[in-house]
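The values are calculated or read from the model by the stated rules, or taken from the named source; none is laboratory data. None of the values given here were measured: they were computed from a predicted structure. In this analysis, Cβ positions are derived from the backbone assuming ideal geometry, glycine residues included, and neighbour counts consider all displayed protein chains.
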Amino acid sequence: MTLHLERHGEIAVVTLDNPPVNALSRTMRAALADMADRLDGDAGIRAVVLAGAGRLFVGGADIAEFDGPPQEPHLPDLLARIEAARAPWIAAVHGMALGGGTEIALACRYRVAAPGSRFGLPEVNLGIIPGSGGTQRLPRLIGVEAAVPVVAEKRMLDATEALGSGLVDRIIDGPLVVGAVDFARDMLNHPLPPLARDRSVTDPGPAYWQAAEARIAKASKGQSAPPLALLALRHGVQHGFEAGLRQERETFLRLRAGDEAAALRYLFFAERAAPRPADLRGTPPRAVARVGVVGGGTMGVGIAAALRNAGLPVILSERDQPGLERGLTALRAVFDAAAQRGLISDEAASARMAGVRGVVGLEALADCDLVIEAVFEDLAVKQAVFKTLASLCGTDTILATNTSYIDPRQIFNGLRGPERCIGLHFFSPAQVMKLMEIIPLPETAPAVLATAFDLAANLGKVPVRAGICDGFIGNRILKHYRAEAEALLREGVPHAAIDAAMRGFGYAMGPFEMQDMAGLDIAFLHREAARLRGETVPETAGDILVRAGRKGQKTGGGWYDYPTGTRAPQPSDEVARLLAPLLGPARAMPAEQIVARLIAAMAAEGQRIIDEGIASTPQDVDLVEVHGYGFPRGKGGPMFLAARKTITGIPTRIPT
Ligand code: T1G
């Protein structure tokens, strides 16, 4: 970590050099404060250019510091110091200026930027709001209506937009620092513009604030920071810069110390560690240019879409022409839907489809670098597919199964080149869900495992390595989550109360509503298969419902009734009648107790999974739950909550 100083005549160039993102750590802040004093005392200096070394200007405050108390020099004080400097400071931005990076640029007298650079205040992703003047200086530079989307809605501004809005004074084509020094020299011949803090700001009026509040409340989906960022910005518009700065700082410090921000910081670092397991760091992944997908059903189509979205050409194989046509039609529908939602252009949708070659049979996959199987979840069917593939493909073709619960050792049993076999468990819809469970066999080569992690990163997925057991990590925990929900049911707690409690906790839907959406028959068939194998599997409420034809939304009723055409769950008298003999008398249970019971069950199974070596860390278990099973991000995950003991009722020591 260093701060470089160069003199270009009467212009000083100060370069932040704190890899990997020039985070404004305590030492960087102290060095900048000292530099400001030093340059103020140097009469030969008439302007200061502030630049960043490496690939970007500044990635923000040092998030790692947030788990401890704020340390001096505090960033707001440093920014006020820069504003008050005798010689004006000019921010020279390249790559990205995020959070404190944008805020330090706002505190400068001028801002110049390289083409392609981007500005943002993404603090709300971390459960906080900008804490160093971003909510106050930005609207005074670019106006309230341009600033609110940046401050409270994660909107980024590219260099052109920043220039147009008044955030940037000049775009520098060519060497940035040279151009910034030239700009500084020009600037010295003109009167200085007022500092952002000294500029007036127009209140857009009550209708604007009302619409912004409604929009942001809806988009924030229960996360507390976005509405508070808007409030801080508005307070400063209506009560002045200093009052706004006080509200911003108070809100920032309160959120920073809270559980939600701690959870989001925890996930921020866990998500960045996930693609780079320590034991694979020295193992180069193989190049993957040609990918085959076997199976044009829901999973195969989703996987093919995910590959195309990442720019990889795909050969989609089905066993017959009708199946292939269905698959290609479904895949085209995925891209067309993305275009209709404005996520991609029509041209991009066509280009993605053009990168798919549909074939009948497996012969065309012979030269693939990787083949991902996504056929019917049946061992014999999968074994037959891989037996053929092993006869067609060389042993350097990686063979991957998308199985969600079958033991991959059985699927690949007896194949030549077991070292190139692996499980890649995608989650439906595979082009949307970020989680990828990576399940190596004992024989899987490290390079093949490294390739799987590299593929996940290229697909924008969150990879988690899972050991082999029934359900790997996520489905195994889901089984215990559901079992605990059923236990509560048997204790007389109505399933509607359990669902309501989990929705109140932050899930999009509770465990019973989720079963209705996914279908009760899947778990029922697993239980029946286990019973056929001679295992003792007690009768469950789900069995009773499925046997009565109540498989969920797809049959118009499961745990709830779904009147024709609606997907809104309605209480069902038939369910009450069917389950009365099984369930005890109804009893009330406080929602927080319901939540604690279910989270404790997940955390207990998560701890067993870690103890057995199926998952490597608590972070991995939480990434699975957040990115594969809808665990609310702002809560961090079951292991996070168990460690922090923020939910009453979770045993202090999770039983192993
Ligand atoms: N603080 C500490 N470490 C950071 C960091 C940060 N702000 N940003 C990135 N890292 C680490 C990251 O953990 C990883 O570490 C490495 O850098 C590369 O990250 C005062 C309060 C900048 C777009 O929210 O969005 O300013 O795993 O893999 O894909 O009001 O990092 O290598 O050990 O993501 O090239 C606001 C967060 C902070 C931006 C680069 N800023 N960072 O992406 O690399 S709060 C942010 C990012 C704040 C002010 C408030 C991205 C990136 P390791 P990476 P990348």
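Remarks
- Matching residues, segment 1-25, being of a type in the set (Ser, Thr, Tyr) and not in a loop (DSSP other than H, G, I, E, B): 2, 15
- Residues in segment 1-24 that are within 16 Å of the ligand (Cβ to nearest atom) and surrounded by fewer than 17 Cβ atoms within 10 Å (Cβ to Cβ): 1, 17, 19, 20.
- Number of the condition not met by residue 537 [criteria: (1) free of Cβ contacts under 8 Å to residues at least 60 places away in the same chain; (2) part of a helix (DSSP H, G or I)]: (2)
- Criterion (in the same structural domain as residue 10 (by TED's automatic domain parsing), aromatic (Phe, Trp, Tyr) and closer than 25 Å to residue 262 by Cβ) met by exactly one of 66, 57: 66
- Selection status of residue 636, small (Gly, Ala, Ser), buried (at least 23 other Cβ atoms within 10 Å of the Cβ) and modelled with pLDDT of 95 or more: yes
- The requirement of being at pLDDT 95 or above and outside the structural domain of residue 123 (by TED's automatic domain parsing) is not satisfied by residue 276.
- When each of 144, 112, 124 is tested for being buried (at least 24 other Cβ atoms within 10 Å of the Cβ) and more than 11 Å from the ligand (Cβ to nearest atom), the lone residue that passes is 112.
- Conditions (1) touching a residue at least 60 places away in the same chain (Cβ under 8 Å); (2) away from the ligand (no atom under 12 Å from the Cβ); (3) β-branched (Val, Ile, Thr); number of the one not met by residue 135: (2)
- Residue ranges of helices (runs of 4 or more DSSP H) in segment 236-309 with at least 2 members within 16 Å of the ligand (Cβ to nearest atom), surrounded by fewer than 20 Cβ atoms within 10 Å (Cβ to Cβ) and of a type outside the set (S, T, N, Q): 241-256, 259-273
- Qualifying residue in segment 592-600 (condition: touching a Leu at 6+ places or on another chain (Cβ under 7 Å), closer than 20 Å to residue 475 by Cα and buried (at least 19 other Cβ atoms within 10 Å of the Cβ)): yes
- A single member of 519, 542, 492, 506 is within 19 Å of residue 471 (Cβ to Cβ), surrounded by fewer than 19 Cβ atoms within 10 Å (Cβ to Cβ) and not charged (D, E, K, R), and it is 519.
- The requirement of being in contact with an Asp or Glu (Cβ under 7 Å, 6 or more places away or on another chain) and either within 14 Å of the ligand (Cβ to nearest atom) or assigned by TED's automatic domain parsing to the domain that holds residue 46 (or both) is fulfilled somewhere in segment 228-235, by at least one residue.
- Filter result (surrounded by 18 or more Cβ atoms within 10 Å (Cβ to Cβ) and either touching a helix residue (DSSP H, G or I) at 6+ places or on another chain (Cβ under 7 Å) or free of Cβ contacts under 8 Å to residues at least 24 places away in the same chain (or both)) within segment 147-164: 147, 148, 150, 151, 152, 157
- Within segment 50-77, being part of a strand (DSSP E or B) and more than 23 Å from the chain's Cα centre (by Cα) holds for 50, 51, 52.
- Whenever a residue of segment 113-132 is in the same structural domain as residue 164 (by TED's automatic domain parsing), its partners that are part of a strand (DSSP E or B) and more than 6 Å from the ligand (Cβ to nearest atom), lying with C-beta atoms within less than 6 angstrom and at least six residues away or across chains, give the pairs 113/93; 113/171; 115/171; 117/93; 118/158; 119/97; 119/157.
- Residues of segment 393-414 satisfying the condition of being over 14 Å from residue 370 (Cβ atoms) and either of a type outside the set (A, V, I, L, M) or buried (at least 18 other Cβ atoms within 10 Å of the Cβ) (or both): 403, 404, 405, 407, 408, 409, 410, 411, 412, 413, 414
- Residue 33 vs. criteria closer than 26 Å to residue 70 by Cβ, within 16 Å of the ligand (Cβ to nearest atom) and over 33 Å from the mean Cα position of the chain (by Cα): yes
- Among all residues of segment 44-65, there is none that is without any contact (Cβ under 8 Å) to a residue 24 or more places away in the chain and more than 11 Å from the ligand (Cβ to nearest atom).
- For residue 180, the requirement of being within 27 Å of residue 85 (Cα to Cα), of a type in the set (Gly, Ala, Ser), in contact with a Lys or Arg (Cβ under 6 Å, 6 or more places away or on another chain) and surrounded by 12 or more Cβ atoms within 10 Å (Cβ to Cβ) is not met.
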